[in-house]
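Here the structure is laid out as structure tokens; the discussion comes afterwards.
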């Protein structure tokens, strides 16, 4: 989801906040209707974005972002499921651009319900079966905290806002 608040620049400069929330993507006809409702005409020709909301942290929206480019981003977001949106948000928080994150989203491993590297180590050991052949009375002595620390040195992990972690491959 990507929403922007379009504001009439001329009215804003006169001290009035006249604008409307627009959910993207928006087609040209809908955008023209919004422009009419916020009072854009021959006298008030310019608009700008005063606020925005997005499912993904890191989507770059500023006062004069191109609405066509934002529409393209919104169309891509509509095609993604919640897991992909979480991954793309984590990648963007790690410095990837939106386009780079889209390209990279399949090159990650996601660890569900992991708050720290010790949790990741536990999940990794469990999923790979590394300790399956070790007797349980000895496996209990395995140091998950140290193993998780070592994993963090060898890999690139980004924690998400949803309590998950992705490893960027």
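Derivation of every value follows stated rules applied to the coordinates shown; laboratory data play no part. Everything quoted here is computed from the prediction, not taken from an experiment. Here the Cβ is made from the backbone with ideal geometry for all residues, glycine too, and neighbour counts use every protein chain on show.
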One quarter of the convex hull surface, Cα atoms only: what value does that give for region 14-57 in nm²? 3.9 nm²
Answer check: the chain, Cα atoms, Kirkwood Rh, Rg/Rh ratio of 1.21
Beta carbons within 10 angstrom, averaged per residue: use that to sort the peptides 47-53, 11-17, 23-29, highest first. 47-53, 23-29, 11-17
Considering every Cα-Cα pair within region 81-169, what fraction, in whole percent, is farther apart than 21 Å? 35 percent
Quick check on packing: order 58-70, 156-168 by the mean number of other C-beta atoms within 10 Å, highest mean leading. 156-168, 58-70
Sequence ranges 89-102, 124-137, ranked by mean other-Cβ count within 10 angstrom, highest first: 89-102, 124-137
q = 0.15 Å⁻¹, region 2-79: log10 I(q)/I(0) [Debye, one scatterer per Cα]: -0.49
